[in-house]
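Report on the structure given below.
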Amino acid sequence: EAGVAQSPRYKIIEKRQSVAFWCNPISGHATLYWYQQILGQGPKLLIQFQNNGVVDDSQLPKDRFSAERLKGVDSTLKIQPAKLEDSAVYLCASSQGGQGGFNYGYTFGSGTRLTVV
Amino acid sequence: AQSVTQLDSQVPVFEEAPVELRCNYSSSVSVYLFWYVQYPNQGLQLLLKYLSGSTLVKGINGFEAEFNKSQTSFHLRKPSVHISDTAEYFCAVRSGGYNKLIFGAGTRLAVHP
């Protein structure tokens with residue numbers, strides 16, 4: 001099966017600019033996750049979708065970050081305006097599991113490496 | 001709240017030597033534990049997982065981990081490492097009913113010839 005697709009692979013922007021990342025999960029996977037991985041740290045969940053609904057966005061900086069999954073398939077994560085501390089790898093993942101579901105492993109994409117200068 | 005602590009940020013080891021990467025967790029509910037590997041410029045790949053049953057879990061690439069409830073640990077082991085095992089390793093615990101994963105800070109395994 002095809003994996004989780006992400007684009008672009010790399011992005012360099014100046015602070016205060018905006019940027020968008022795209023993710024296409026594995027076909028049939030209802031749950032989609034966006035993680036932020038800052039250099040030297042483990043991934044941190046930003047937002048989780050179940051189909052096209054948000055089930056957890058408690059750690060998403062909502063003043064500058066937004067995400068959508070309009071048709072319950074692919075997703076876009078946006079940052080506007082970007083700050084220097086947003087430099088990180090943004091990982092998208094998907095899984096079959098729904099609420100209380102018994103699918104415990106994710107499939108991750110290769111990530112988008114964002115550098116804010 | 002659930003959390004994961006990886007006790008070593010870096011582990012250097014010679015090729016063909018055994019290795020153990022340590023992970024401790026805190027959780028007040030049923031525990032589901034995972035180890036992921038991340039090669040340079042790639043996403044995370046699942047090595048193994050503990051859901052229930054046998055406390056010794058075998059994964060891909062010759063890795064295994066042992067779930068120890070009394071010590072709240074889930075250490076990763078491999079009896080003989082290869083150069084190709086050089087990567088970042090992350091321990092994670094499932095949190096909540098929506099399959100959210102909480103990751104540790106990672107351990108960088110460096111295998112030297």
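What the table shows:
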quantity	calculated
For the range B:62-75, Karplus couplings with θ = phi - 60° (6.51, -1.76, 1.60), whole Hz, Gly/Pro x	x, 7, 8, 9, 10, 7, 10, 5, 5, 9, 6, 10, 8, 7
Cα-based Lys proximity count in chain B, under 16 Å, for pairs eight or more positions apart or on separate chains	5
Normalised contact order of chain B, rounded percent, pairs of Cα under 8 Å and 6 or more residues apart	37 percent
Net dipole in debye of the protein assembly as shown [+1 Lys, Arg Cβ; -1 Asp, Glu Cβ; about Cα centre; nearest 20]	480 debye
Selected from A:33, A:10, A:43, residue furthest toward positive end of dipole (the range A:1-75; charges at beta carbon)	A:10
Inter-centroid distance (Cα atoms) of the range A:27-49 relative to the range A:1-17, Å	14 Å
Computed magnitude of the charge dipole of chain B (debye, nearest 20; Cβ of K, R +1, Cβ of D, E -1)	440 debye
Per-residue average of Cβ from other chains inside 10 Å of A:28-41	2
Estimated FRET transfer efficiency (residue A:71, residue A:115; beta-carbon r; R0 25 Å; 0.05)	0.25
Label point distance in nm, residue A:2-residue A:22, each placed 7 Å from Cα along Cα→Cβ	1.2 nm
5 angstrom amide H check on residue B:86, placed H, neighbours 5+ away	B:111
Share of carbon and sulfur in the accessible heavy-atom surface of the range B:34-113 [1.4 Å probe, %]	53 percent
Sequence-distant residues sharing a close amide H with residue B:101 (under 5 Å, placed H)	B:95
Label-point separation, residue B:80 to residue B:68 (7 Å along Cα→Cβ), nm	2.5 nm
Shielding by partners - mean other protein chain Cβ count within 10 Å, residues of A:52-63	1
Relative contact order, percent, the range A:31-73 [alpha-carbon distance under 8 Å, six or more residues apart]	31 percent
Förster radius 25 Å - calculated FRET efficiency between residue A:78 and residue B:45 (Cβ-Cβ, nearest 0.05)	0.35
Hz values of 3J(HN,Hα) by residue in the range B:43-51 - Karplus curve (6.51, -1.76, 1.60), Gly and Pro given as x	x, 8, 10, 5, 8, 6, 8, 10, 10
Gain in span if fully extended, residue A:11 to residue A:96, counting 0.36 nm per residue against the direct Cα distance	27.7 nm
Peptide-level mean, for B:101-113, of C-beta atoms on other protein chains within 10 Å	3
In Hz, Karplus ³J(HN,Hα) per residue of the range A:53-62 (6.51, -1.76, 1.60; θ = phi - 60°; x = Gly, Pro)	x, 7, 10, 7, 9, 5, 10, 8, x, 6
Contact order relative to length of chain A, as percent, for alpha carbon pairs under 8 angstrom and 6 or more apart	36 percent
Per residue, in Å², the accessible surface of chain A once ligands and nucleic acids are set aside, probe 1.4 Å	48 Å²
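The values are calculated or read from the model by the stated rules, or taken from the named source; none is laboratory data. Because the structure is a prediction, the values reported are computed rather than measured. Counting neighbours? That spans all protein chains shown, and the Cβs are built from the backbone with ideal geometry, glycine included. Ligands, DNA and RNA are excluded from the accessible area calculation, which covers all protein heavy atoms including side chains. Shrake-Rupley method; radii C 1.70, N 1.55, O 1.52, S 1.80 Å.
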